[in-house]
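Here the structure comes first, spelled out in structure tokens, and everything after it is commentary.
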Amino acid sequence: MTANRSRAARLVALAAVVTLAVTACSGGGRDKATATDTAAGANAAGSSGYTIAMITHETPGDTFWDKIKAGAQQAAKDTGVTLKYSNDPDATKQAVLIQNAIDSKVSGIATTLVTQKALAGSVKAAKDAGIPLVGFNSGIDQYKQLGALMYFGSDENLAGTTAGKRIQAAGAKHPLCVIQAQGSVALEARCAGVKSVLSATENINVNGADDSAVVSTLQAKLAQDKSIDYIVTLGAPIAVDALKAMDQAGSGAKLVTFDLNQEAAQDIQDGKIEFSIDQQPYVQGYMAVTSLYLYLKNGNDIGGGNAVLTGPSFVDKTNIATILPFTKNNTR
């Protein structure tokens, strides 16, 4: 082969590699898809031969989980995995869902680990059955003890502490931290982080499954205690409820939130919410599925024995213009 022909062959090969790379990286901003959808450049669902069960403690109607599912569905499409999603906010029922996945002999399991005691038995059962299991979103301090191979999520203690420092610098004296799911280790950790910086932080429990109840509970608290100068909500839908309560109570408090949805992102742009501490749930869903695919296919391990952090990441007036469009796609 001549030098010119050899060089031409190398250029053709390089072009093929670049084309493949572009195809592999182009899917992150797609709209929500189902596990059985196919698209140009994507594998057909099930083509890898792997079935992965994703089990969460999702409360029906909470838009946060739309992003988790969007990321998981995109990962399933990209890797040719068949994805089975199920959820129950009751920890004992979530444990049953994990056991059901084990009994159906799935290839791998990705699950939130929100309540260690209730889930320990089913996580051990997966390990005993030889089914790889990864944790995500909740349980960063418990996943190793429970036996999960990997973990993808935010360090909620760090996130809470970081939020506390930021509102302290802005002049906060008496924050109210709103917990929408009592007993959740992740939510408790967020409020504990804020309180570690601002000792006057007060927690309040609300029923996150009932927006009207959240509004009335917060309205009553804010009307009763005018010294509350910051409200820290732990989910975007709760932030939207808090704005209604603040208006009804005539509260002059400022509002910050954890997590994002399109409405909360718009409220940040409009100056109604000071900032959000984002844990990037789309990335959590995507990486949970992808990590299991890579483990099953190649024995790959991600994180070097440590949790892979997807947050905290601040969203405020300095970057909301960039991020707002992605919230419409459920990718941020």
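The values are calculated or read from the model by the stated rules, or taken from the named source; none is laboratory data. Fair warning: this is a prediction, and the values are worked out from it, not measured in the lab. We place every Cβ from the backbone using ideal geometry, glycine too, and count neighbours over all the protein chains shown.
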Every listed condition ((1) within 20 Å of THR112 (Cβ to Cβ); (2) at pLDDT 95 or above; (3) outside any helix (DSSP H, G or I); (4) touching a helix residue (DSSP H, G or I) at 6+ places or on another chain (Cβ under 6 Å)) holds for SER138 save (2)
Could you check the range 249-269 and list, in sequence order, the residues that are of a type in the set (Asp, Glu) and in a helix (DSSP H, G or I)? GLU263, ASP267
If I go through the range 295-308 residue by residue, how many of them are crowded, with 16+ Cβ neighbours inside 10 Å and either part of a helix (DSSP H, G or I) or aromatic (Phe, Trp, Tyr) (or both)? 2
Hey, among ALA172, ALA148, ALA129, which residue is farther than 25 Å from VAL256 by Cα and crowded, with 21+ Cβ neighbours inside 10 Å? ALA148
Quick one: ALA307 ticks every box in (1) in the same structural domain as TYR143 (by TED's automatic domain parsing); (2) within 25 Å of SER212 (Cα to Cα) bar one, so which box is it? (2)
Identify, please: which residue in the range 77-100 is closer than 17 Å to GLU58 by Cα and among the aliphatic types (A, V, I, L, M) and is, among those, surrounded by the fewest Cβ atoms within 10 Å (Cβ to Cβ)? VAL96
State whether one or more residues within the range 49-68 are surrounded by fewer than 19 Cβ atoms within 10 Å (Cβ to Cβ), modelled with pLDDT of 95 or more and more than 15 Å from the chain's Cα centre (by Cα). yes
Expected output for the range 291-317 (first residue closer than 23 Å to THR79 by Cβ and free of Cβ contacts under 8 Å to residues at least 40 places away in the same chain, partner among the polar types (S, T, N, Q) and part of a loop (DSSP other than H, G, I, E, B), Cβ below 8 Å, 6+ apart or cross-chain) is LEU294/ASN300
Mind telling me which of the residues LYS93, LYS127, LYS77 ends up being outside the structural domain of GLU188 (by TED's automatic domain parsing), of a type outside the set (A, V, I, L, M, F, W, C), more than 22 Å from the chain's Cα centre (by Cα) and at pLDDT 90 or above? LYS127
Do we find a residue being touching a residue at least 12 places away in the same chain (Cβ under 8 Å) and either assigned to a strand (DSSP E or B) or hydroxyl-bearing (Ser, Thr, Tyr) (or both) anywhere in the range 237-248? no
Residue satisfying condition, being under 27 Å from ASN207 (Cβ atoms) and of a type outside the set (A, V, I, L, M), within set SER107, SER86: SER86
Given the conditions (1) in contact with a strand residue (DSSP E or B) (Cβ under 6 Å, 6 or more places away or on another chain); (2) over 18 Å from GLN279 (Cα atoms), every one holds for ASP78 apart from (1)
Neighbours by Cβ (under 9 Å, 6+ apart or cross-chain): first from the range 197-219, under 24 Å from THR162 (Cβ atoms); second part of a helix (DSSP H, G or I) and at pLDDT below 95: ASN203/GLU188; GLY208/PRO237
